[in-house]
Amino acid sequence: MDLIVQKFGGTSVADVPRINRAARRAIQAKQDNLQVVMVVSAMGKTTDTLIDMARQINPDPPRRELDMLMTTGEQVSMSLMAMAIHAHGHEAISLTGGQIGLICDSVHTKARIQKIDADRIRKELAAGKIVIVAGFQGIDEAGEIYTLGRGASDTTAVALAAVLKARYCEIYTDVDGIYTTDPRIEPRARKIQQISYDEMLELASLGAGVMHSRAIEFGKKYHVDIHVRSSFTDSPGTFITHEVEQMEHIVVSGVTVKKDIAQFVLVGLPNTPGVAANLFVHVAEHNVIVDDIIQTVDDNGKASISFTVEKGDLAECKLVVEEIRRQYAGIDVNIIDPVAKVSAVGVGMRSHTGVARKMFGALAAAQVNINAITTSEIKISCIIPPSDADKALRAVHEAFGLDQQPA
Ligand code: ADP
Ligand code: ASP
Ligand code: MG
């Protein structure tokens, strides 16, 4: 019997009628002769509310206790969902990350999945039940509880779909698919019918909050077909798949903006082998995720290294640069907080010219100053002042004609 995974985000389980609606979807799939695994997020804005409460009690709560607190949100949803399915006359069981054998590493609030021993899920499915799993959580080898990073219920779902060899993984959310940019910022954004894993991975890493980026990594690696769709309608959403030839013809598929970042600039470092390596050994030891690394050498032969980090890693990264400052006398450290980053993404960039010209031209016309530029094969990113973020996004979106129907 084929198996599917259905993930329901916070808005899709925000109240009792929505939980019932999600339950009916799963039951319908079961009646269509599929085995069904549901992954649920915490109801509505529960995770935000829990974090707010924690910060009122302690401005810098221990990360272990934050994990203990946050994981309760998903447990509320999963048990209510199981009750809803029972009320509709069907068998269901809810399970925590620990109970499904989702083993992760031991980094509180941003643990990474290491393996999933899905025997328990298979046993419950074989007994005819719909299995409901708490998203965004796991345990380490010692049995400690961890969360997998904000938005990571997507990752739980796609990882389970991979392990269970699901026919596909449905991500039910509050938009009816992936758009050319966040429709809340640019109402003229268009829905994309099909997008490659590589593009979606870039978009997600660069700020498109609609999917967690590690979910896309799993999807690509284990060939999971992902369908992002609305929990409020039955119309098809966006399919995330391997690249197909016609995708090459679209130069830019999407535009993103990321606002929750800070930039570190270290000036006056020795320009000798091992300095960058030393810096990023310290960064890695503190489990800080960095991006947009740029190194330059000035006229005096000194090196400057700049990089960006997400706000959540800011305090930890300040500790790292203090360690570095002690090692290299006389260096200057500037922290620009906050900065924003606007990016254009598309696999067509590999084979088309003029993309940089169009992007920089659009920002110039909108009077947006660019502080740094980074590129990969399929994206261009510009670090810009946060006050210009939304304006920059709209300008770049329009410059690539993303508000128009493709020819
Ligand atoms: P869920 O709780 O279902 O996981 P999220 O809030 O995490 O939902 O993701 C859905 C939201 O992502 C949308 O409401 C939308 O504002 C935002 N979003 C950002 N970028 C995009 C994009 N490119 N396409 C669609 N939605 C986007
Ligand atoms: N509830 C968690 C969050 O808000 C996980 C998720 O929704 O994916 O980040
Ligand atoms: Mg989400």
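Only the coordinates and a few stated rules stand behind these numbers; no lab work does. As the structure is a prediction and not an experimental result, all values here were calculated from the model. For neighbour counting, all protein chains shown are included, and Cβ atoms are generated from backbone atoms with ideal geometry for every residue, glycine included.
Those residues that are touching a Leu at 6+ places or on another chain (Cβ under 8 Å) and surrounded by fewer than 18 Cβ atoms within 10 Å (Cβ to Cβ), I need them from the stretch 93-108; list them, please.
None; the set is empty.
Which of the following residues is farther than 20 Å from residue 73 by Cβ, out of contact with any strand residue (DSSP E or B) (no Cβ under 6 Å at 6 or more places or on another chain), in contact (Cβ under 8 Å) with a residue 12 or more places away in the chain and surrounded by 19 or more Cβ atoms within 10 Å (Cβ to Cβ): 152, 215, 204? Walk me through it before giving the result.
Working: 152 fails: farther than 20 Å from residue 73 by Cβ; 215 fails: farther than 20 Å from residue 73 by Cβ.
Going through 152, 215, 204 in turn, just one is farther than 20 Å from residue 73 by Cβ, out of contact with any strand residue (DSSP E or B) (no Cβ under 6 Å at 6 or more places or on another chain), in contact (Cβ under 8 Å) with a residue 12 or more places away in the chain and surrounded by 19 or more Cβ atoms within 10 Å (Cβ to Cβ): 204.
Which pairs turn up if I take residues in the stretch 179-190 that are basic (Lys, Arg) and look for partners that are in a loop (DSSP other than H, G, I, E, B) with beta carbon separation below 6 Å, at least 6 apart in sequence or on another chain?
Pairs that qualify, where the first residue is basic (Lys, Arg) and the partner is in a loop (DSSP other than H, G, I, E, B), are 188/403; 190/180.
Tell me which helices (runs of 4 or more DSSP H) are completely within the stretch 1-113 and hold 2 or more residues being within 12 Å of ligand 2 (Cβ to nearest atom), or say none if there are none.
Correct list: 46-57, 63-87.
So, residue 256, is that one among the hydroxyl-bearing types (Ser, Thr, Tyr) and part of a strand (DSSP E or B) or not? Full working, then the answer.
Numbers: among the hydroxyl-bearing types (Ser, Thr, Tyr): yes; part of a strand (DSSP E or B): yes.
So residue 256 fits the description; yes.
Cβ-Cβ below 6 Å, separation at least six or inter-chain, first residue in the stretch 299-327 and assigned to a helix (DSSP H, G or I), second among the charged types (D, E, K, R): which pairs?
Close Cβ pairs satisfying both conditions: 311/260.
Restricting attention to the stretch 160-187, report how many residues are more than 21 Å from residue 38 (Cβ to Cβ) and among the charged types (D, E, K, R).
Qualifying residue count for the region: 3.
Of all the residues that make up the stretch 192-205, how many are part of a loop (DSSP other than H, G, I, E, B) and either within 10 Å of ligand 1 (Cβ to nearest atom) or touching a helix residue (DSSP H, G or I) at 6+ places or on another chain (Cβ under 8 Å) (or both)?
Total meeting the criteria: 1.
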